[in-house]
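Have a look at this one.
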Amino acid sequence: MGEVGRHLAATLSAEGHRIVAVDDSEEALDLATEHADIMTLVGHGSALTTLRDAGAGTADLVIAVTDSDEVNLLASMMGKHLGAGKTIARVANRAYYERDGGVAHDVVGVDVLLNPQILAAMEIHRVIRSFGALESVNLADNRVEVVDLPVVERTRYLNKQLREISMPRGALIAAIVRDDRLIIPHGGDHVEIGDKVWIIGDLDVLPRMEDMFGKTRKKRAHRVMIVGGGEIGLEVARHLERERIRVVVIEKSLARCRKLAETLHDALIIHGDGTNRSLLIEEEAESCDAFLGLTKEDEVNIMSCLLAEGLGVDRSIALVHRGDYLPAARGVGLDVCVSPRRSAANFILSSVRAGSVHRVVQVEDGKGEILELHVPDRARVLGRALRYIDFPKGSLIGAVVRGEEVFIPSGTDEIHPGDMVVVFTLPDVRTEVVRLFKDPSKAS
């Protein structure tokens, strides 16, 4: 019941799943029950008797997300042995992953292994690439991109009804965040200064939408400074080096500096403290296109990014491990905060929601969700133009992928069997949305 476990327990409990939480700390379980209606069991998660008492043998899913790879692997393997339907283990050791990614399937008897550090590093890399955005999500095998943009400049498109704005073909405003509230818009809504807009569409079209709201995307980053050379910092540096971006890494541990110098090819490795303002000035942090605080300490990440912003750096990204720090970090003016907890939880939630739901991404700390839905042959949504389908208020189809074609649907379009559909939705109407994309004969 750490950050990932508590977040998952609260989210899944709110959706009506029956959850049993296991931890060897009674204090951790008490904290979890403050935010979720769950059953708890004090015990060691990899002990056979504990798993039996928790009902792992009849569980649809066993999730092991402690800080120990060995405990997670053993708990998942034993859960599977007892009869669990599916098992997911959080494993940081890269030796279990054949490919350069954060997810592996069917390894040592466990259905899914995931590495939150690598998943977070991949998210950070996407944000760096999508320079106008605060966050960036790639869907449908990287053919659909979703970005959120702050509206900070007055343009002629503000305060006009969305139906009156001529949007570039292939892009859509899917959500508006105003006063900490997420709105799924309709044609009569408008965008105001100070809003954030979530835009979905074709990768080549999104920069034109960004221009409309005063954000001009740079073609690419040229120089990036990273504070923290741990696993996430190293993974991000690897991605950037492949794109021939100049990387500067500031690392406090001399031994880790030597390891980084052996692993990275062209990066400049500096032994020092990323919260030392004089060091940042000396290494010309202000000339960087992006500044990343990626240590294991949230306070260091937040402070180093604030110092860099004070020096005039274009953009800062802070790694924030503690969920309760995220609102505070954004409140002090940080550009972007990335949470390994959220990266891992988003993936696990996708595995829980079976059937037509291929992927779920929570946005704005769970205020909204992006669903990636595969359409079966007999889904309720088939056979009618979209304008005649009673979609729940608070949901919106953002994009449809049909074979090699990606398009933003209009009211006259129909959904076809085999399509992949991207839907923005508020959490309280998600069940109604998913029901439209299910085969009625197989719906439970």
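The values are calculated or read from the model by the stated rules, or taken from the named source; none is laboratory data. Fair warning: this is a prediction, and the values are worked out from it, not measured in the lab. Glycine also receives a Cβ, built like all others from the backbone with ideal geometry; neighbour counts cover every protein chain displayed.
Take the residues in segment 250-279 that are touching a helix residue (DSSP H, G or I) at 6+ places or on another chain (Cβ under 6 Å) and closer than 14 Å to Ser304 by Cα, then tell me which one is surrounded by the fewest Cβ atoms within 10 Å (Cβ to Cβ).
Selected residue: Arg277.
Which ones in segment 284-303 are among the small types (Gly, Ala, Ser) and either in a helix (DSSP H, G or I) or without any contact (Cβ under 8 Å) to a residue 24 or more places away in the chain (or both)?
Ala285, Ser287, listed by residue number.
Condition (residue is assigned to a strand (DSSP E or B) and farther than 29 Å from Gly366 by Cβ) applied to segment 41-64: is it met by at least one residue?
no
Residues that are without any contact (Cβ under 8 Å) to a residue 60 or more places away in the chain and over 30 Å from Arg387 (Cβ atoms): find the strands (runs of 3 or more DSSP E) completely inside segment 166-283 holding 1 or more of those.
246-251, 268-271
Consider Glu210 against the criteria (1) in contact with a Lys or Arg (Cβ under 7 Å, 6 or more places away or on another chain); (2) surrounded by fewer than 18 Cβ atoms within 10 Å (Cβ to Cβ): it satisfies all of them except one. Which criterion is unmet?
(2)
Within segment 304-326, work out how many residues are of a type outside the set (Asp, Glu), more than 16 Å from the chain's Cα centre (by Cα) and either at pLDDT below 80 or outside any helix (DSSP H, G or I) (or both).
Step one: filter segment 304-326 for residues of a type outside the set (Asp, Glu), giving 304-308, 310-313, 315-323, 325-326.
Of the ones still in play, those that are also more than 16 Å from the chain's Cα centre (by Cα) are 304-308, 310-313, 315-316, 325.
So of that shortlist, the ones also either at pLDDT below 80 or outside any helix (DSSP H, G or I) (or both) come out as 312-313, 315-316.
Final tally of qualifying residues: 4.
Every residue in segment 7-40 that is touching a strand residue (DSSP E or B) at 6+ places or on another chain (Cβ under 6 Å) and outside any helix (DSSP H, G or I), please.
Once the filter is applied, which keeps residues that are touching a strand residue (DSSP E or B) at 6+ places or on another chain (Cβ under 6 Å) and outside any helix (DSSP H, G or I), segment 7-40 yields Val20, Ala21, Val22, Ile38, Met39, Thr40.
While we're here: Of everything in segment 1-44 that's under 29 Å from Val429 (Cβ atoms) and among the acidic types (Asp, Glu), which residue is surrounded by the fewest Cβ atoms within 10 Å (Cβ to Cβ)?
The residue in question is Glu34.
Do you know which residues across segment 124-151 are modelled with pLDDT of 80 or more and either among the basic types (Lys, Arg) or part of a loop (DSSP other than H, G, I, E, B) (or both)?
Val151
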